[in-house]
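Just so it is clear, none of the values below were taken in a lab; they were calculated from the coordinates. None of the values given here were measured: they were computed from a predicted structure. FYI the Cβ positions are ideal-geometry reconstructions off the backbone, even for glycines, and counts take in every protein chain you see.
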Amino acid sequence: MKETLDENSRQALVQYRLERAEETMKEVSILAKESHFNAAVNRLYYACFYAASALMVANSIVTSSHAGIKTMLGMNFVSKGLLSIEQGKTFSRLFEIRHSGDYDDFVYCDQEMIDEYTPKARDFINSIRDLLNKQ
């Protein structure tokens, strides 16, 4: 997002992206129930991505790629202790899994992976929501 936003537009975009994060988390269980594990992991990543992008918008941090958000998240929030190292690792790992699932052959996610990363994604999103509420 390259244009400058007024405060009302910024707040509306942050709220929209948080809502997208929540809606996307709901998709995870639906997909996993039908054994669409690769798609479920994709949605876990995107739920975290939407929350992370809300954090970037709220802090006027401009990024133009998924990798840019990952980098800025580490530099501006994990390294400063605003998000835990574990939360940074969760985002990075979901980024890697999603990328591999989308672009590599013979990548298979499973229920175990969903069970492991769903609570981590939830924690990540909740922590971002908490950070935003403090700002």
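Yes or no, residue by residue, for (1) more than 22 Å from residue 71 (Cα to Cα); (2) in contact with a helix residue (DSSP H, G or I) (Cβ under 7 Å, 6 or more places away or on another chain); (3) in contact (Cβ under 8 Å) with a residue 12 or more places away in the chain; (4) not acidic (Asp, Glu):
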residue: 6; (1), (2), (3), (4): yes, no, no, no
residue: 17; (1), (2), (3), (4): no, yes, yes, yes
residue: 24; (1), (2), (3), (4): yes, yes, yes, yes
residue: 39; (1), (2), (3), (4): yes, yes, no, yes
residue: 48; (1), (2), (3), (4): no, yes, yes, yes
residue: 57; (1), (2), (3), (4): no, yes, yes, yes
Revision key, fill the gap. Counted residues in region 78-92 being surrounded by 15 or more Cβ atoms within 10 Å (Cβ to Cβ) and over 11 Å from the mean Cα position of the chain (by Cα) come to 3
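For region 109-135, name all the residues that are in a helix (DSSP H, G or I), in contact (Cβ under 8 Å) with a residue 24 or more places away in the chain and charged (D, E, K, R). Give the derivation first.
Let us first name the residues in region 109-135 that are in a helix (DSSP H, G or I), namely 111-134.
Next, only the ones that are in contact (Cβ under 8 Å) with a residue 24 or more places away in the chain stay: 111, 113-114, 117-118, 120-125, 127-129, 131-132.
Those that are in a helix (DSSP H, G or I), in contact (Cβ under 8 Å) with a residue 24 or more places away in the chain and charged (D, E, K, R): 120, 122, 123, 129.
Assess whether residue 25 counts as being surrounded by 18 or more Cβ atoms within 10 Å (Cβ to Cβ) and under 22 Å from residue 132 (Cα atoms).
On the way: surrounded by 18 or more Cβ atoms within 10 Å (Cβ to Cβ): yes; under 22 Å from residue 132 (Cα atoms): yes.
Criteria met by residue 25.
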Revision key, fill the gap. Considering region 93-120, residues that are of a type in the set (Val, Ile, Thr) and within 16 Å of the chain's Cα centre (by Cα), and then whichever is farthest from residue 35 (Cα to Cα), we arrive at 97
Exercise for review: Return the only residue of 41, 62 being part of a helix (DSSP H, G or I), out of contact with any strand residue (DSSP E or B) (no Cβ under 8 Å at 6 or more places or on another chain) and not aromatic (Phe, Trp, Tyr).
Suggested key: 41
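In region 18-65, which residue that is of a type in the set (S, T, N, Q) and closer than 24 Å to residue 107 by Cα is farthest from the chain's Cα centre (by Cα)?
Let us first name the residues in region 18-65 that are of a type in the set (S, T, N, Q), namely 24, 29, 35, 38, 42, 53, 59-60, 63-65.
Keeping just the survivors that are closer than 24 Å to residue 107 by Cα gives 24, 29, 35, 38, 42, 65.
Numbers: 24: 10, 29: 16, 35: 22, 38: 16, 42: 10, 65: 13 Å.
Step by step, filter region 18-65, then rank; the result is 35.
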Practice item. Could you tell me whether any residue of region 43-60 is touching a Gly at 6+ places or on another chain (Cβ under 9 Å), surrounded by fewer than 18 Cβ atoms within 10 Å (Cβ to Cβ) and not charged (D, E, K, R)? Key: no
